[in-house]
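Take a look at the structure below.
No value in this document is a laboratory result; all are computed from the given coordinates. For clarity, every value in this text was computed on a predicted model and none was experimentally measured. Cβ atoms come from the backbone with ideal geometry, glycine included; neighbour counts cover every protein chain shown.
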């Protein structure tokens, strides 16, 4: 019987645990909460957080994990780093730690985007308030600005303001999970905000404003070659078999990419639930079986 290390057993992860429970796997669950809701669905459970990598490896040794076993998480994308480190230790197939870190650290993926022809807004990096003041002085007055910490995740350390009225008293300059080294300063790029979900050769697009799946922009998406550009990135990083989300701002003749995400896409999950689609089952099919089975009504093709 194959084993699965399942990282994160909170309420949002229950549907995935329920799918796996019906299959012939030995589930080793972990969560920092000793009373996590999914504990009872696991064959074995350890009160260990997904960022406690040495303890995860100790669990793997104790449970006898081998290369033909699995690691899985549907928790926050930070959990993928723990899963990647675990899989590296036990020679289990998974994207590399460096790939996961690239997707987590905005300063890394923006530089990667620039180096590989993926357009981003005008971007600078600032480490303190003095550097921020100097940068803002070089913009025309009343320019709209985004300031995002290197590991930011909404609503943590993401600020949008005019250069004329910076929120000096609101900006956090400490050091924690969401701010490691510096902020990313970007000039606002005006256009239509879209969420791309890409899974293999298939994809869909959600409009940020309405929250609805849309095909209204596909002619422009195709003419600009956006899908092919993003799929090339996924191939180069060994993520072509994953469901990866991108935040894109689109104009008629140009676009920028703002973010990349690895956790289950909220809008796609919500749309699936509203339309009677068992998203968790299809997600497990993709991640464990390597079989993309999402119904075609989710596609943007």
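The table below gives the values:
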| quantity | calculated |
| --- | --- |
| Reference-scaled alpha-carbon Rg (2.2 N^0.38 Å with N residues) for the stretch 191-298 | 1.03 |
| Taking the C-alpha atoms of the stretch 2-94, convex hull volume expressed per residue in Å³ | 79 |
| For the chain, calculated [θ]222 nm from helices alone, where every DSSP H run of n ≥ 4 adds -39500 (n - 2.57) | -9000 deg cm²/dmol |
| GNM result for the chain, Cα springs below 10 Å: residue of 288, 165, 277 fluctuating most strongly | 165 |
| Full-stretch length increase - residue 52, residue 292 - with 0.36 nm per residue and alpha-carbon distance subtracted | 83.3 nm |
| Residues of the stretch 1-43 with amide N under 17 Å of the 7 Å Cα→Cβ point at residue 91 | 3 |
| Rel. contact order, % - alpha carbon contacts under 8 angstrom, at least six apart, the stretch 122-187 | 48 |
| Computed FRET value (nearest 0.05) for residue 142 with residue 116, which takes r as the C-beta separation and R₀ as 30 Å | 0.35 |
| GNM top mover of 76, 201, 85 - the chain, alpha-carbon springs below 10 Å | 201 |
| Chain lengthening between residue 62 and residue 127 when straightened (0.36 nm per residue, less Cα-Cα) | 19.1 nm |
| Share of alpha-carbon pairs per 5 Å distance bin for the stretch 122-187, given as whole % | 4, 18, 33, 27, 13, 4, 0 |
| GNM top mover of 188, 131, 240 - the chain, alpha-carbon springs below 10 Å | 131 |
| log10 of Debye I(q)/I(0), alpha-carbon scatterers only, for the stretch 162-246 at 0.15, 0.20, 0.24 Å⁻¹ | -0.81, -1.01, -1.13 |
| Gain in span if fully extended, residue 254 to residue 1, counting 0.36 nm per residue against the direct Cα distance | 86.0 nm |
| Alpha carbon convex hull of the chain, volume per residue in cubic angstrom | 141 |
| Neighbour-count order for 1, 268, fewest beta carbons within 10 angstrom listed first | 1, 268 |
